[in-house]
Amino acid sequence: MGAQAAWGSILSIVFLVLTGCMPLGLITARSETKGLPPAAPPILRAEHESSLSAAGWSDQRKALLRDAFESYVYGPVPSELRAVEIARRTVDEAYAGGLGILEEVEVRVGEGPRAPTFHIALATPRSVSPGMRSPLIIGENFCGNPTIANAPNLSPPKDGDGCSATGALGVVLRAIFGRHILESPNEEILRRGYAYANVYPGELVADNPRRAQSDIDVFSALLPESRRPRAAIAVWAATYGWSLDVLEQDPRIDPLRTAVYGHSRHGKAALLAGAVDSRIDAVIAHQSGRGGASLTRSLTGETLARITSSYPHWFDPAFARFRTRPDDPPIDQHMLIAMLAPRPVLLGNGWRDVWSDPNSAFRAAVGATPVYALLGADGLAQQDMSDSFSDGAIDFYIRPGGHGVTEGDWMRFLEFLDRRLR
Ligand code: GCU
C-alpha cells in the first residue's frame with residue numbers, strides 16, 4: 001500500500017471510529033417525544049410579529065442573522081468568491097444503465113495562480129422532453145466522487161483521502177451506516193429526471209483538524225481580512241454555491257429548481273448554504289445534528305463541548321467558547337432554518353440516532369415556523385415528531401434506525417423533491 005493510500009485508510013478509520021459511537025453507544029436508546037428539550041427562544045417577539053413586514057424580514061433580519069452565525073458559529077462563509085468552469089470531460093455516455101451521461105467538471109474558485117480548484121461529478125438524464133430542463137440536486141460526499149457516483153474513472157480525491165465501496169472498510173461502513181452513505185441510488189435519481197452533481201468537499205478543505213487550516217488559508221489569501229473563513233463547514237457550505245455558479249450556466253439544468261443535499265456534517269453545510277444563498281430552492285439536511293438543524297441549547301445528544309473538541313476545525317473558535325454554556329449564544333439553529341423561509345427544507349432523522357438529537361431538530365423546526373408564516377408559507381405542519389406526513393414547507397422526517405443513509409431515506413428525499421421542486 002502506498003503512503004498516500006495508507007494515509008487515506010487511516011483517515012477513514014478515524015472517521016469510522018469517531019462516528020461509530022453513534023450507532024454503537026446508542027443502540028439501545030431511542031429519541032423520545034416526551035420530555036422534549038427546552039423550546040427554542042422566539043425569533044419574533046409578539047410586538048414584531050404584527051409590525052414586521054415580509055420585506056423587512058428578508059432584507060434586514062437575514063443580514064443580521066448571517067452576521068451572527070458567522071460571528072458565533074461558523075466564521076465567514078466565503079460565498080462572495082465566484083467559481084468558473086476550467087475543464088470538462090465526458091466520463092460515461094451511457095451512465096447508470098444508459099439512463100444518463102456522466103461528466104466531470106473542473107472548477108476554479110476566485111482568481112489568480114493560487115486559486116483553488118475542485119471537481120464536480122455531473123450526471124444528467126439522457127431522456128428529457130424537448131424544451132425541458134432538469135431540476136438539479138447538488139450533494140457533498142464522504143469518500144470521493146468515484147465512490148458516490150460508482151464510476152472509477154472520475155478523478156480520485158487529492159492525497160488518497162477517499163474510501164472504496166468495495167474494500168474491507170467500505171463493507172464495514174456500509175454495514176453500519178447503510179449502503180447509501182457511500183453510493184447514491186444514481187439510477188433512481190436519473191429515472192426521476194434529476195440532474196445530480198456530486199462534490200467531495202475535502203478536495204477544498206480536508207476534514208482533518210491538522211490539515212484543515214492550511215487549506216482554509218488558501219481562501220484567506222483571496223479575501224479581505226474581515227471575510228476570511230475560519231472553519232471548514234463555512235467553506236463546504238460555499239462549495240454548494242460555487243457548484244451552482246457553474247451548473248446554472250448549463251442549458252440542460254433548470255436554475256429555478258435546485259436543491260442541496262447533505263448527510264450529517266454535510267447536512268450542517270447544506271443548511272448553511274441554503275441560509276446564505278437564495279439561489280438554492282430546497283434543502284435536504286439529513287441527520288445534521290449539532291451545528292445543523294438541532295438546537296445548541298439542547299439537553300440530549302452530542303454536546304457542544306464534545307463536538308467542538310472532536311472537530312475543532314468545523315466551527316469558528318467562538319463557538320467552542322460556549323462549550324460549557326450552550327444556553328449563552330445569542331442565536332440558535334432554528335434561526336438558521338428560518339433563514340431558508342419560505343423555501344422547502346427536509347429534516348431527516350432516525351429514532352435511534354439520539355446523537356444527532358432529533359427532538360431538538362423538531363424543536364428548531366417549531367421555532368422557525370413563525371418566520372415561514374410571516375412570509376406566507378406553512379412552516380412545520382406536523383404536531384408531533386411521529387406525524388409522518390407534512391404538507392408544510394418544513395418537512396420533518398423520522399424513520400426507525402440510527403445514523404446513516406438508507407434506500408428508504410433516498411426514496412423519501414426524492415418524494416420530497418418531486419412534490420416541492422416541480
Ligand atoms: C460525528 C459528529 C456529528 C456528525 C457526524 C457525521 O458523529 O459527532 O456531529 O454529524 O460525525 O458527520 O457523520
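Here are ASP357, ASP384: which of them is farther than 22 Å from ILE280 by Cα and either surrounded by fewer than 24 Cβ atoms within 10 Å (Cβ to Cβ) or within 16 Å of the chain's Cα centre (by Cα) (or both)? If you could, list the steps in order and put the result at the bottom.
Working: ASP357 fails: either surrounded by fewer than 24 Cβ atoms within 10 Å (Cβ to Cβ) or within 16 Å of the chain's Cα centre (by Cα) (or both).
Exactly one residue qualifies, and that residue is ASP384.
Yes/no matrix, rows are residues, columns are (1) within 9 Å of the ligand (Cβ to nearest atom); (2) assigned to a loop (DSSP other than H, G, I, E, B); (3) under 25 Å from ARG343 (Cα atoms); (4) without any contact (Cβ under 8 Å) to a residue 40 or more places away in the chain:
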site: ALA259; (1), (2), (3), (4): no, no, yes, no
site: LEU271; (1), (2), (3), (4): no, no, yes, no
site: GLY274; (1), (2), (3), (4): no, no, yes, no
site: ALA285; (1), (2), (3), (4): no, no, yes, no
site: SER288; (1), (2), (3), (4): yes, yes, yes, no
site: GLY292; (1), (2), (3), (4): yes, yes, yes, no
site: ARG306; (1), (2), (3), (4): yes, no, no, yes
site: PRO312; (1), (2), (3), (4): no, yes, no, no
Can you name the residue in segment 186-215 that is out of contact with any Pro (no Cβ under 8 Å at 6 or more places or on another chain) and of a type in the set (Ser, Thr, Tyr) and, of all such residues, is surrounded by the fewest Cβ atoms within 10 Å (Cβ to Cβ)?
-> SER214
Scan the helices (runs of 4 or more DSSP H) fully inside segment 108-225 and keep the ones with 2 or more residues being without any contact (Cβ under 8 Å) to a residue 40 or more places away in the chain and either of a type in the set (Val, Ile, Thr) or on the phi < 0 side of the Ramachandran plot (or both).
-> 145-148, 168-177, 212-220
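Right, ARG422: at pLDDT below 95, of a type outside the set (A, V, I, L, M, F, W, C) and not in a strand (DSSP E or B) or not?
When the stated conditions are applied, ARG422 passes them.
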Taking segment 130-156, which residues are farther than 20 Å from LEU244 by Cα, touching a Phe, Trp or Tyr at 6+ places or on another chain (Cβ under 8 Å) and away from the ligand (no atom under 16 Å from the Cβ)?
-> ALA151
Taking SER298 and the conditions (1) assigned to a loop (DSSP other than H, G, I, E, B); (2) buried (at least 24 other Cβ atoms within 10 Å of the Cβ); (3) within 15 Å of the chain's Cα centre (by Cα), which numbered condition does it fall short on, given that it satisfies the others?
-> (3)
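The values are calculated or read from the model by the stated rules, or taken from the named source; none is laboratory data. Just so it is clear, the structure is predicted and the values come from calculations on it, not from any experiment. Ideal geometry is used to build each Cβ from the backbone, glycine not excepted, and the neighbour counts take in all protein chains shown.
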